[in-house]
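**Student:** Please read through the structure below; I'll follow up with questions.
The values are calculated or read from the model by the stated rules, or taken from the named source; none is laboratory data. In this text the structure is predicted, and so the values were computed from the model without any measurement. No Cβ is skipped: glycine too gets one built from the backbone with ideal geometry, and neighbour counts run over all protein chains shown.
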């Protein structure tokens, strides 16, 4: 047994080293200490940004550089330095009022209304069954044809077996189906983690900020691990791991395609073996299902403005996060980090509010 563990560890270390070498060969962009090179590296055309947005962002950056000149991290961000086996990073904590008594955990009973969860039942069959008085899956436990499947599903449901229910939904429904949201009721809000990251690129570049919102006593506690220097990324990844490993649901917005694989990629880069056993819910899919016909797009900020009625001020476009971070590294001025941290906080708070809204529909 010990020999197998050692062999597994050696294999993992080898895979991690090969992956790291492959990633380092990529040339998506370079961080530089030269202002002249930096100005040549970024433009609104190459970033696919309207010229006015780019101009506004540059004005904001200059304003922040002046406003926060000489300030230290603890003066701007409420938090503390944390340290683990991988080094140090800066942990920011923010509390946002969120959940009220309106949260109804009995919403999980709504799952039983979806007769189509049983193989062989489509819209037409469902309608016939309802007309015959079979309105819930539990009713089908006495049905001559569907009783075996219905009884099996009810066993998982009554045992609150998230693993089996998650797999069952995965074989029957698309991610946009509202039944997925009812799974949230199978665990208390404290087992939900709302996650968002800020990166220096779209693939295999460092993560500079990891955010995770955890529900505590009707508040959303937003944990953010700030990478003040690139070498702090591994420490931030481990701190994030220590928090989210205690939860059951990982809730994101476009995280199924971006945030989750990106974090896994960075763990592999550093040879960190994660053993997370969570259930992923991506709110982009149900949002599209509900609002794609009434909104110009289903970006989180679009839904934020139109549905949640929120307006951001002094925000940095996601495409300019690398440039703002580079300005911070070049100047040792924390100003350009302020809108990055704020952007991440608002994303997580909006994601949590949106998730509750969709859940209550």
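**Student:** I'd like the full set of residues that are surrounded by fewer than 18 Cβ atoms within 10 Å (Cβ to Cβ) and more than 17 Å from residue 350 (Cβ to Cβ), limited to segment 279-296.
**Tutor:** Across segment 279-296, the qualifying residues are 280, 289, 292, 293, 294, 296.
**Student:** What's the number of the condition residue 273 fails, among (1) out of contact with any strand residue (DSSP E or B) (no Cβ under 7 Å at 6 or more places or on another chain); (2) in a helix (DSSP H, G or I); (3) more than 21 Å from residue 182 (Cα to Cα)?
**Tutor:** (2)
**Student:** Just one of (1) farther than 20 Å from residue 202 by Cα; (2) free of Cβ contacts under 8 Å to residues at least 12 places away in the same chain; (3) within 17 Å of the chain's Cα centre (by Cα) trips up residue 299, so point out which.
**Tutor:** Every condition holds for residue 299 apart from (1).
**Student:** Restricting to segment 222-237, and then to whatever is assigned to a helix (DSSP H, G or I) and more than 20 Å from the chain's Cα centre (by Cα), can you tell me which residue is surrounded by the most Cβ atoms within 10 Å (Cβ to Cβ)?
**Tutor:** Checking each candidate, the answer is 232.
**Student:** Something else: Taking segment 244-269 as the region of interest, how many residues are assigned to a helix (DSSP H, G or I) and buried (at least 16 other Cβ atoms within 10 Å of the Cβ)?
**Tutor:** 9
**Student:** If you don't mind, another one. Looking at (1) more than 23 Å from residue 290 (Cα to Cα); (2) under 23 Å from the mean Cα position of the chain (by Cα); (3) surrounded by fewer than 18 Cβ atoms within 10 Å (Cβ to Cβ); (4) not assigned by TED's automatic domain parsing to the domain that holds residue 340, find the lone condition where residue 161 falls short.
**Tutor:** (2)
**Student:** Does residue 44 count as closer than 28 Å to residue 345 by Cβ, surrounded by 14 or more Cβ atoms within 10 Å (Cβ to Cβ) and at pLDDT below 50?
**Tutor:** Yes: the conditions hold for residue 44.
**Student:** Here's a check for you: in segment 114-144, which residue that is touching a residue at least 12 places away in the same chain (Cβ under 8 Å) and surrounded by fewer than 14 Cβ atoms within 10 Å (Cβ to Cβ) is farthest from residue 168 (Cα to Cα)?
**Tutor:** Within segment 114-144, the match that is farthest from residue 168 (Cα to Cα) is 120.
**Student:** Which of (1) assigned to a strand (DSSP E or B); (2) farther than 30 Å from residue 223 by Cβ does residue 195 not meet, given it meets every other one?
**Tutor:** (2)
**Student:** Any residue at all in segment 276-297 that's part of a helix (DSSP H, G or I) and within 26 Å of residue 77 (Cα to Cα)?
**Tutor:** For segment 276-297, residues part of a helix (DSSP H, G or I) and within 26 Å of residue 77 (Cα to Cα): absent.
**Student:** Yes or no: residue 137 farther than 30 Å from residue 116 by Cα and either in contact with a strand residue (DSSP E or B) (Cβ under 9 Å, 6 or more places away or on another chain) or not assigned by TED's automatic domain parsing to the domain that holds residue 342 (or both)?
**Tutor:** It is false that residue 137 is farther than 30 Å from residue 116 by Cα and either in contact with a strand residue (DSSP E or B) (Cβ under 9 Å, 6 or more places away or on another chain) or not assigned by TED's automatic domain parsing to the domain that holds residue 342 (or both).
**Student:** Looking only at helices (runs of 4 or more DSSP H) that fall completely inside segment 49-165, which ones have 1 or more residues that are within 25 Å of residue 278 (Cβ to Cβ)?
**Tutor:** Filter on segment 49-165 gives 147-158.
**Student:** For residues in segment 297-307 being closer than 18 Å to residue 345 by Cα and in contact with a helix residue (DSSP H, G or I) (Cβ under 7 Å, 6 or more places away or on another chain), which is surrounded by the most Cβ atoms within 10 Å (Cβ to Cβ)?
**Tutor:** Across segment 297-307, the extreme among qualifying residues is 303.
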